[in-house]
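Below is one structure; the comments refer to it alone.
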Amino acid sequence: MIEENPFREEDLAIRNRPEPCTLVIFGATGDLTHRKLIPALYNLAADGDLPVGLQVIGFARREKSDEEFRAGLEEQNRENSRQDHNDALWETFSQSIFYHQSTFDDSEGYIKLNERLNEMEEQGGSPNRLFYLASSPDFFDDILLHIRSAGLNQPREDGWSRVVVEKPFGTDLKTARHLNEVVNDTFPESGTYRIDHYLGKETAQNIMVLRFANALFELLWNNRSVDHVQITCAEHLGMEGGRGGYYDKAGAMRDMIQNHLLQLLSLIAMEPPIDLSADGVRDEKVKVLKSLRPLTGVKSVTKNVIRAQYTADTVNGKEVAAYRREDRVNPGSMTETYVAMRIMIDNWRWEGVPFYVRMGKRLPKKATEISIHFKDAPEVLFNALSGAETVPGNVLVIRIQPDEGISLGIRSKLPGPSARLQPVKMDFRYQTAFRKSSPEAYERLLLDAMAGDATLFARKDEVETAWKFVDEIEDAWHKAEDPPPMAEYPAGSWGPGEADDLLKADGRRWRRL
Ligand code: BG6
């Protein structure tokens, strides 16, 4: 029998303990707070993992009482909580949530917030302050400057102050550098937690365990045994909930590849870290990003990166509009909703092994997975039999979501007198192995920020290095005189034919999800 909470014991063994604090959320009336942050805290409370004494202050523009704020949060918690909403628990939990009304550019609002925090602390509240920037990134500068001028970042001697910064962290290298400067003027790097919620996903965390707690895989984890790697992030959603305005300025490359997918790639490709400290791990991840072969200029980008937009069609039987017809999207938009690319890592381990990465909106389903395709066994003996070449070889699949798990595809003998080969799978599923749902990414990340553990957050140089790589592609798309073409794919399909051709040119094809 497994323990009631399989994650807790193991967590405590390798992590600092989360400390109570006052969590101030800037942008508290927004979607993120309602759909992710508060449900994450609620679920931590339900599991008994929330540090006793935690208080939350929501900071936002609209006039609201504490009760009104709590009522809105409750409604959304019912819909978005991982575990069932329990009225009695909510009642107790919500008593520690308060509202603070102010615009982001009003220094008075921050001074009052400081007074309020001091008062709460004097009355026995925790002296620790955790600021969460969950507003639109347009306000990050203002908020950080005001936090500094109001002295909010100066905790009492027995407390700490930290900041969590939501994505997007800049829109290119220049803006990311600027934001890093503004953040580090107010908080030291050791107190800065840049969110990439993919790092908080249980399955993403398990990549390192799979690689470094098992001798089996690591021996094969290199260019002698691996033919290529595929990383796919498919989404069936398009621009629901008024996202078009933001998305049309970002696109798939900035929205998902620069952060989530390059983070997954780093975890797959990194060397073993010297230890499990935040910097031990991040030092190795950043080395991978620094080893990415730059894709510079139109020729190289055309050859290695496919961009595309969806056209009107049906997804799961429902008719949907073309990207250019979506709400708040420019009808002549040149923003990509799909990217497929070939990435080479110029280091000792991965020389010659392509990493194919793709992400798209309005694909047939939501699924993120990484597959490691091993080289074939020699074409002698069973592999020399006729038809053997059509049987897939060894593929290790890490399903990040949904149906989280890991499977290994192997060739087996079909029962019977003939020596025919059949592909079979060894499969590990989280649901079956642990019999409970994994915590949401934000649950883990909030706890880690309270514990002062930055391992699952992006470091300054990681973010900047990733932007440097992405900027060159964006430049070829948007600044060149003769930019690479924009392909199209029908909504509900697996992307444009050009993405298939990218792999075909290398004698490979995308794995079917
Ligand atoms: C966000 C992107 O960071 O991640 C969204 O801005 C995307 O466009 C989302 O839909 C996907 O996250 P998840 O956890 O649902 O895979």
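The values are calculated or read from the model by the stated rules, or taken from the named source; none is laboratory data. In this text the structure is predicted, and so the values were computed from the model without any measurement. We place every Cβ from the backbone using ideal geometry, glycine too, and count neighbours over all the protein chains shown. Accessible surface is based on the protein model in full, side chains and every heavy atom, while ligands, DNA and RNA are left aside. Shrake-Rupley method; radii C 1.70, N 1.55, O 1.52, S 1.80 Å.
May I ask you to give the average projected area over all directions of the convex hull of the Cα atoms of the chain, in nm² rounded to one decimal? All intermediate terms of the calculation are to be shown ahead of the outcome.
Working: hull surface 106.4 nm².
Mean orientational projected area (the chain, Cα hull): 26.6 nm².
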**Request:** Give me the number: length gained by fully extending Asp403 to Asn223, i.e. 0.36 nm times residue separation minus the C-alpha to C-alpha distance, one decimal in nm.
**Result:** 61.9 nm
**Request:** Report the accessible area of Glu75, computed with a 1.4 Å probe over the heavy atoms of all protein chains in place, in Å² rounded to the nearest 10.
**Result:** 120
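Please report the equivalent ellipsoid semi-axes of segment 222-270, computed as sqrt(5 x eigenvalue) of the Cα gyration tensor, largest first, in whole Å. The partial results should precede the final answer.
Numbers: eigenvalues 177, 25, 11 Å².
The equivalent ellipsoid of segment 222-270 has semi-axes of 30, 11, 7 Å.
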**Asked** Once amide H atoms are built 1.01 Å from N in the peptide plane, which residues 5 or more positions from Ala454, or in another chain, come under 5 Å H to H?
**Response** Ala278
**Item:** Sequence-distant residues sharing a close amide H with Thr368 (under 5 Å, placed H)
**Value:** Ala234, Ile400, Gln401
**Request:** Apply the Karplus parameterisation 6.51 cos²θ - 1.76 cosθ + 1.60, with θ equal to phi minus 60°, to every residue of segment 461-473 and state each ³J(HN,Hα) to the nearest whole Hz, in sequence, with x for glycine and proline.
**Result:** 6, 5, 4, 5, 5, 5, 5, 4, 5, 6, 4, 5, 6
**Fill in**
Counting sequence-distant residues (5 or more places) and residues on other chains, those with an amide H built under 5 Å from that of Phe98 are Val56, Ile57, Gly58
**Request:** Note down the magnitude of the dipole of the chain about its Cα centre, charges +1 on Lys and Arg C-beta and -1 on Asp and Glu C-beta and zero elsewhere, to the nearest 20 debye.
**Result:** 2100
**Message:** Just to check I understand the Karplus step: with θ = phi - 60° and J = 6.51 cos²θ - 1.76 cosθ + 1.60, what whole-Hz values come out for segment 288-300, glycine and proline as x?
**Reply:** 4, 4, 6, 8, 5, 5, x, 9, 10, x, 4, 4, 5
**Request:** Divide by every residue of the chain the summed helix terms, -39500 (n - 2.57) for each DSSP H run of at least 4, and state the resulting mean residue ellipticity at 222 nm, rounded to the nearest 500 deg cm²/dmol.
**Result:** -10500 deg cm²/dmol
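Count the net charge of all other residues whose Cβ sits under 14 Å from the Cβ of Gln154, scoring Lys and Arg as +1 and Asp and Glu as -1.
Working: positive: Arg129, Arg148, Arg156, Arg162; negative: Glu115, Glu121, Glu157, Asp158, Asp185.
Computed value for this residue: -1.
Using 0.36 nm per residue, how much length does the chain from Ile111 to Glu271 gain when fully extended, once their Cα-Cα distance is taken away? The partial results should precede the final answer.
On the way: separation 160, 0.36 × 160 = 57.60 nm, distance 4.65 nm.
Result: 53.0 nm gained on full extension.
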**Karplus-derived 3J(HN,Hα), 6.51/-1.76/1.60, for each residue of segment 488-503, Hz, glycine and proline x** = 10, 8, x, 3, x, 9, 8, x, x, x, 4, 6, 5, 5, 4, 7
**Request:** With a 1.4 Å probe and every protein chain left in place, tell me how much accessible area Met208 has, in Å² to the nearest 10.
**Result:** 30
**Prompt:** Which residues in segment 488-504 place their backbone N less than 19 Å from a point set 7 Å from the Cα of Glu240 along the Cα-to-Cβ direction?
**Reply:** 491-494
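So what's the net charge close to Val424: Lys and Arg +1, Asp and Glu -1, counting the other residues with Cβ under 13 Å from its Cβ? Each step should come with its number before you reach the end.
Values: positive: Arg411, Lys413, Arg420, Lys425; negative: Asp427.
Net local charge, Val424 excluded: +3.
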**Message:** Above 18 Å lies some portion of the pair distances; for segment 401-513, what is it as a whole percent of all C-alpha pairs?
**Reply:** 78
**For the chain: relative contact order, % (alpha-carbon pairs under 8 angstrom, 6 or more apart)** = 18
**Prompt:** If the viscosity is 0.692 mPa s and the temperature 37 °C, what translational diffusion coefficient in µm²/s does Stokes-Einstein give for segment 305-381 when Rh comes from Kirkwood over Cα pairs?
**Reply:** 209
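Compute for segment 90-194: radius of gyration divided by Kirkwood radius, i.e. Rg/Rh, restricted to C-alpha atoms, rounded to two decimals. Mind showing how you got there, number by number?
Working: Rg = 14.4 Å, Rh = 14.7 Å.
Rounded to two decimals, Rg/Rh equals 0.98.
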